[in-house]
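To keep things clear, I will list the structure first and then write my remarks on it.
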Amino acid sequence: SKKGFIFDLDGVIVDTAKYHYLAWQKIAEKLGIEFTPHHNEKLKGVSRVRSLEIIMELGKITATEQEKQLWLTQKNDDYLSYLTDIDSSEILPGVMPILSHLETLKQPIALGSASKNARPILEKTGIIDLFDAIVDGNDVSQAKPDPEVFLVAARKLNLAPEDCIVFEDSEAGIQAANIAGMVSVGIGDAKVLHEAAFNFPDFTHMDTAFIDGLLKKVKA
Ligand code: G6P
Ligand code: MG
């Protein structure tokens, strides 16, 4: 049977979560707001605008629309500066064998990312052609944990949500997958991603038998 395999991008396929963090840290520092890796977990998976709001809430500050636009631009310019020279080496360990296995099995693959920079990243890393559907921050209006991005991906693959599996490194993304009625697979710290149906510290710990098992599962 066909299942839809929906991948988040940042922190799942590519090692770009660290660049988002560095760029947000600079903004927080400029605003005099303490911003640690712990705080950063709340930003993972959520949109750029929502991320800034979370940082501002953290520092209990308000700003004009103009200031906010400026900080969003600064953050993105800084983030993009880390991406100028990226190539396939940015793909996280263990990801390619899983993508290749899905290709061999002819299982549909989709991207479900909040990022507006998703397409150039997939192009630079040379994997854009592996995706049957791409849904990114330009296609949706609701940030994760809203399930919109994954529901749109399922629709593009012509599959029911319950036939989709989502790979996510963020709390918000796992929640979005669960709300969508999909199988959630956490990639990262199991304590942070405790709401996931399955968890792996990274893709090197996931073998192809796990994928085969998901395909065999009959509906309850
Ligand atoms: C992903 C990342 C977030 C990022 C968001 C928006 O979900 O996990 O850290 O803020 O996308 O990305 P963008 O590239 O559009 O700023
Ligand atoms: Mg992510």
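Less than 5 angstrom separates the built amide H of residue 199 from those of 186, all sequence-distant by 5 or more or on a different chain. Listed by Cβ neighbour count within 10 Å, with the fewest neighbours leading, 194, 20, 38, 101 appear as 38, 194, 101, 20.
Average projected area of the Cα convex hull of region 77-118, in nm²?
For region 77-118, averaging the hull's shadow over all directions gives 3.9 nm².
When the Cα atoms of the chain are aligned to their principal axes, the ranges along those axes come out at 52, 37, 29 Å in descending order.
All Cα-Cα distances of region 1-131, cut into 10 Å bins from zero to the largest, leave 11, 40, 28, 15, 5, 0 percent in each bin in turn. Charge tally for residue 74 (other residues, Cβ to Cβ under 13 Å; Lys, Arg +1; Asp, Glu -1): +1.
What does the net charge come to around residue 58 if you take all other residues with beta carbon closer than 10 Å to its beta carbon, with K and R at +1 and D and E at -1? Numbers along the way, then the final one.
Numbers: positive: 42, 60; negative: 34, 53, 57.
So the environment of residue 58 carries a net charge of -1.
Going from the residue with the fewest nearby Cβ atoms within 10 Å to the one with the most, 212, 207 rank 212, 207.
Per the helix-only calculation at 222 nm, which mean residue ellipticity applies to the chain, given -39500 (n - 2.57) for every DSSP H run of n ≥ 4 and division by its residues, nearest 500 deg cm²/dmol?
That calculation yields -12500 deg cm²/dmol at 222 nm.
Throughout, read-outs are computed from the coordinates displayed, never taken from laboratory work. All values derive from a computational prediction rather than experimental measurement. Please note: Cβ atoms are built from the backbone with ideal geometry, for glycine as well, and neighbour counts cover all protein chains shown.
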